[in-house]
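Student: Please find one structure pasted underneath; my questions will follow.
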Amino acid sequence: MLTVLRVHLPSEIPIVGCEITPYVLLRRPDGGISTEDVHEAIPLDGHFMRYKWYRIQSDRRVAVCNVHPTEQATIQCLGCLKSKIPVAKSYHCSAKCFSDAWQHHRVLHERALSALNENGNEEEELFGRFGSGNAGIINASLSGSTSNIGQSSSVNNGPTPVYPTGTEKNSGETWFEVGRSRTYTPTADDIGHALRFECVAVDSETRSSVGAPTSIMTSRVIPAPTPTPRRLIPVNSADVMGHFDLDSRNSSFGTFTVLSYNILADTYATSDTYSYCPTWALSWPYRRQNLLREIIGYHADIICLQEVQSNHFEEFFAPELDKHGYQALFKKRTTEVYTGNLQSIDGCATFFRRDKFSHVKKYEVEFNKAAQSLTDAIIPAAQRKVALTRLIKDNIALIAVLEAKFGSHGADNPSKRQLLCVANTHINVHQDLKDVKLWQVNTLLKGLEKIAVSADIPMLVCGDFNATPGSTPHGLLAMGKVDLMHPDLAIDPLGILRPASKLTHQLPLVSAYSSFARMVGAGYDLEHQRRRMDPATNEPLFTNCTRDFTGTIDYIFYTADSLSVESLLELLDEDSLRKDTALPSPEWSSDHIALLAEFRCKPRVRR
């Protein structure tokens, strides 16, 4: 007989928009133990599994703290209501919670007031990007944090029968049937309520249950926490105060936006490494929805992601971004060193809007192959094994040549194609391999130089370079050469960096975020961005923020002779992130922050 041995939940807290698939351990008729489902269409020995989900509801509605979403709210900020800030942001679980959060909560009020003074309607743009529904003060407005993701027609909680209006139980609670499949995705209506999952074996002929159902309860469903939306700050305009409308660029011909983001692969997102992050916020079902919501919210024309697992690219990111008009390219890391599941190996994914660009060519850079060629050329045979052990780290780069569909607007020669080369890379992480980092960056730049020679083409070099400002890889990228007296050059046991005078390139690369340092004028937003920049390096104070490390290792470089920076996505304040200890957190689902720049193509000038 088919029987249920055990049921448990993958996460202790259900979140709106994040599917729940309980672990169900079955004993099959032959005595075998399995977690595989037994569908009605393919019964096993005349039996199949039936599942039901219930929402357990009482008359009392529950508001949730916006800082600690697992806690019930006890106080509400009336200033938020007056400022028309989404109601979800107004709830706190205690006076201490509100007091501790006030420094960052006050920014919401200041922004709303500033926006209201400018045009009276700006708060809709400031807080509406991730969805801010306002159908109700307790439930619907909280649920607005889920945006359209998780509320769309793609959410499938099983067949759609006419469920009963509710069944009164002895406890005085009402059970509403909400799903009839093993997997369930909580909706806005579930916020503040517990869910009950039931499973039972069913006789195929009689359609009757065999034995009593096995059930398990969840804790109360919480809304997905929503970070304060980040705004696009003009950097190439006299109006530095600007109107920060992310969609206004759609009418600006010849401009496009590029996002670069290390999303933190699930295989690396362990509780051992990020013990300060709640387990539910670290789970992939939650993080993937939060990341997707954030990425889509930026409306970027080109998206460069790092640490995208192969299975997540194929099963999630590619199909989901395809729905939003993006074409996808992917290059996974090589596997000479990697020993894990090949399906979960990560790589670089580049997406571009089909209505803005078309794909011309794809280049794949495998640093392992370059290492093999290098050792064959300069390393004595007896030392090659040791050399390859140091050099082969499975890192890659993905280079895409795209053709813009800007039309004749903003171009000096409408009869000529407007091409764009976008490099997306993830450089080796090990801090004791400074020579390998520099060699990988130099190898990538040499490849890009060959493309530049063959075509008159603007270039973008994006990614996680695992190199801080002032390091030799950063110097090579930003200055076109390395400081010959730099102490990092002393670490070169294989002699692959000699002579250091040859570590040069001719690409006029500039870091996009250095534009913040060159801005003139004054204003609320400009001053805030200057405080988040390092005046010594003209780079952000950080792009990676964990408990053990805070610094800048992610960049968007561009060729300054063919592109100009129009706007930049505002940087985050470290103090606001530290309220959750560090990244990742319930609000931000990676240990890196996203970088985004808006560019304009310059009239062509031959290099």
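Student: Could you please find all residues in the stretch 414-433 being open to solvent by less than 60 Å² (accessible area, probe 1.4 Å) and within 28 Å of the chain's Cα centre (by Cα)?
Tutor: Our first condition is that a residue be open to solvent by less than 60 Å² (accessible area, probe 1.4 Å); within the stretch 414-433, this holds for 418-428, 433.
Scanning the stretch 414-433 gives LEU419, LEU420, CYS421, VAL422, ALA423, ASN424, THR425, HIS426, ILE427, ASN428, LEU433.
Student: What are the residues in the stretch 254-272 that are surrounded by 15 or more Cβ atoms within 10 Å (Cβ to Cβ) and assigned to a loop (DSSP other than H, G, I, E, B), if any? Lay out the reasoning, then the answer.
Tutor: Going through the stretch 254-272, the residues surrounded by 15 or more Cβ atoms within 10 Å (Cβ to Cβ) turn out to be 254-267, 269.
If the condition is that a residue be surrounded by 15 or more Cβ atoms within 10 Å (Cβ to Cβ) and assigned to a loop (DSSP other than H, G, I, E, B), then GLY254, ILE263, LEU264, ALA265, ALA269 are the ones that fit.
Student: Another question, then. For GLY31, all conditions in the list (1) touching a His at 6+ places or on another chain (Cβ under 8 Å); (2) on the phi > 0 side of the Ramachandran plot; (3) not charged (D, E, K, R) hold save one; what is the number of the exception?
Tutor: (1)
Student: OK, next. Quick check: is even one residue across the stretch 207-215 at pLDDT 90 or above, in contact with a strand residue (DSSP E or B) (Cβ under 9 Å, 6 or more places away or on another chain), open to solvent by less than 40 Å² (accessible area, probe 1.4 Å) and hydroxyl-bearing (Ser, Thr, Tyr)?
Tutor: Looking for residues that are at pLDDT 90 or above, in contact with a strand residue (DSSP E or B) (Cβ under 9 Å, 6 or more places away or on another chain), open to solvent by less than 40 Å² (accessible area, probe 1.4 Å) and hydroxyl-bearing (Ser, Thr, Tyr), one finds none in the stretch 207-215, hence no.
Student: Assigned by the TED database to the domain that holds GLU574, crowded, with 20+ Cβ neighbours inside 10 Å and either hydrophobic (A, V, I, L, M, F, W, C) or in contact with a His (Cβ under 9 Å, 6 or more places away or on another chain) (or both): is that true of PHE549 in this structure? Break it down into steps so the answer makes sense when it comes.
Tutor: Details: assigned by the TED database to the domain that holds GLU574: yes; crowded, with 20+ Cβ neighbours inside 10 Å: no; either hydrophobic (A, V, I, L, M, F, W, C) or in contact with a His (Cβ under 9 Å, 6 or more places away or on another chain) (or both): yes.
For PHE549, the condition - assigned by the TED database to the domain that holds GLU574, crowded, with 20+ Cβ neighbours inside 10 Å and either hydrophobic (A, V, I, L, M, F, W, C) or in contact with a His (Cβ under 9 Å, 6 or more places away or on another chain) (or both) - is not met.
Student: Picking from ASP456, ASP464, which residue would you name as being among the acidic types (Asp, Glu) and open to solvent by less than 10 Å² (accessible area, probe 1.4 Å)? So that I can check it myself, show each step before the final result.
Tutor: Numbers: ASP456 fails: open to solvent by less than 10 Å² (accessible area, probe 1.4 Å).
Of ASP456, ASP464, the one residue that is among the acidic types (Asp, Glu) and open to solvent by less than 10 Å² (accessible area, probe 1.4 Å) is ASP464.
Student: Does THR279 fit the bill of being of a type outside the set (D, E, K, R), modelled with pLDDT under 95 and surrounded by fewer than 18 Cβ atoms within 10 Å (Cβ to Cβ)?
Tutor: Details: of a type outside the set (D, E, K, R): yes; modelled with pLDDT under 95: yes; surrounded by fewer than 18 Cβ atoms within 10 Å (Cβ to Cβ): yes.
Yes; evaluated as a whole, the condition is true for this residue.
Student: Now, a different point. List the number of the failed condition for TRP102; all other conditions in (1) over 16 Å from PRO227 (Cβ atoms); (2) not in a helix (DSSP H, G or I) hold.
Tutor: The failed condition is (2).
Student: I want to confirm something. Restricting to the stretch 310-344 and keeping residues that are assigned to a strand (DSSP E or B) and under 20 Å from ALA269 (Cβ atoms), which single residue is least open to solvent (accessible area, probe 1.4 Å)?
Tutor: So the first thing to find is which residues in the stretch 310-344 are assigned to a strand (DSSP E or B), and the list is 326-332.
Then drop every residue that is not under 20 Å from ALA269 (Cβ atoms), which leaves 330, 332.
Details: PHE330: 37, LYS332: 91 Å².
By that ranking, first place goes to PHE330.
Student: Collect the residues in the stretch 489-523 that are in contact with a helix residue (DSSP H, G or I) (Cβ under 8 Å, 6 or more places away or on another chain) and open to solvent by 70 Å² or more (accessible area, probe 1.4 Å), keeping them in residue-number order.
Tutor: Within the stretch 489-523, PRO493, GLN506 meet the criteria.
Student: Can you find even one residue in the stretch 479-488 that is open to solvent by 20 Å² or more (accessible area, probe 1.4 Å) and in contact with a Lys or Arg (Cβ under 6 Å, 6 or more places away or on another chain)?
Tutor: In the first step, residues of the stretch 479-488 are kept if they are open to solvent by 20 Å² or more (accessible area, probe 1.4 Å); the result is 479, 481, 483-488.
Narrowing further to those that are in contact with a Lys or Arg (Cβ under 6 Å, 6 or more places away or on another chain): 488.
There is at least one residue in the stretch 479-488 that is open to solvent by 20 Å² or more (accessible area, probe 1.4 Å) and in contact with a Lys or Arg (Cβ under 6 Å, 6 or more places away or on another chain).
Student: So, in the stretch 28-78, exactly how many residues are surrounded by 15 or more Cβ atoms within 10 Å (Cβ to Cβ), of a type in the set (Asp, Glu) and touching a strand residue (DSSP E or B) at 6+ places or on another chain (Cβ under 7 Å)?
Tutor: The qualifying residues number 1.
Student: Return the residues of the stretch 255-283 that are acidic (Asp, Glu) and out of contact with any helix residue (DSSP H, G or I) (no Cβ under 8 Å at 6 or more places or on another chain); say none if nothing qualifies. So that I can check it myself, show each step before the final result.
Tutor: Keep residues of the stretch 255-283 that are acidic (Asp, Glu), which gives 266, 272.
Selection gives ASP272 alone.
Student: Among the candidates THR375, THR389, single out the residue that is modelled with pLDDT of 95 or more, open to solvent by less than 60 Å² (accessible area, probe 1.4 Å) and in a helix (DSSP H, G or I). Write out each step before concluding.
Tutor: Working: THR389 fails: open to solvent by less than 60 Å² (accessible area, probe 1.4 Å).
Criteria check complete, one pass: THR375.
Student: Can we say SER11 is among the hydroxyl-bearing types (Ser, Thr, Tyr), crowded, with 16+ Cβ neighbours inside 10 Å and assigned by the TED database to the domain that holds CYS199?
Tutor: Values: among the hydroxyl-bearing types (Ser, Thr, Tyr): yes; crowded, with 16+ Cβ neighbours inside 10 Å: yes; assigned by the TED database to the domain that holds CYS199: yes.
Here the answer is yes, as SER11 does meet what is asked.
Student: Within the stretch 345-371, restricting attention to residues that are assigned to a helix (DSSP H, G or I) and open to solvent by less than 20 Å² (accessible area, probe 1.4 Å), which residue is farthest from ALA300 (Cα to Cα)?
Tutor: Among those that are assigned to a helix (DSSP H, G or I) and open to solvent by less than 20 Å² (accessible area, probe 1.4 Å), it is ALA371.
Student: Follow-up question, since we're still on this one. I'm checking my understanding of the structure. Among residues of the stretch 81-112 that are farther than 23 Å from ILE233 by Cα and of a type in the set (S, T, N, Q), which one is surrounded by the most Cβ atoms within 10 Å (Cβ to Cβ)? Give the steps one after another, and end with the answer.
Tutor: Within the stretch 81-112, the first condition is being farther than 23 Å from ILE233 by Cα, and the residues that meet it are 81-82, 87-102.
Applying the additional criterion that residues be of a type in the set (S, T, N, Q) yields 90, 94, 99.
On the way: SER90: 24, SER94: 15, SER99: 11.
For the stretch 81-112, the residue satisfying everything is SER90.
The values are calculated or read from the model by the stated rules, or taken from the named source; none is laboratory data. Just so it is clear, the structure is predicted and the values come from calculations on it, not from any experiment. Note that we place each Cβ from the backbone using ideal geometry, even for glycine, and neighbour counts take in every protein chain shown. Calculation scope for accessible area: heavy atoms of the full protein, side chains included, ligands and nucleic acids excluded. Shrake-Rupley method; radii C 1.70, N 1.55, O 1.52, S 1.80 Å.
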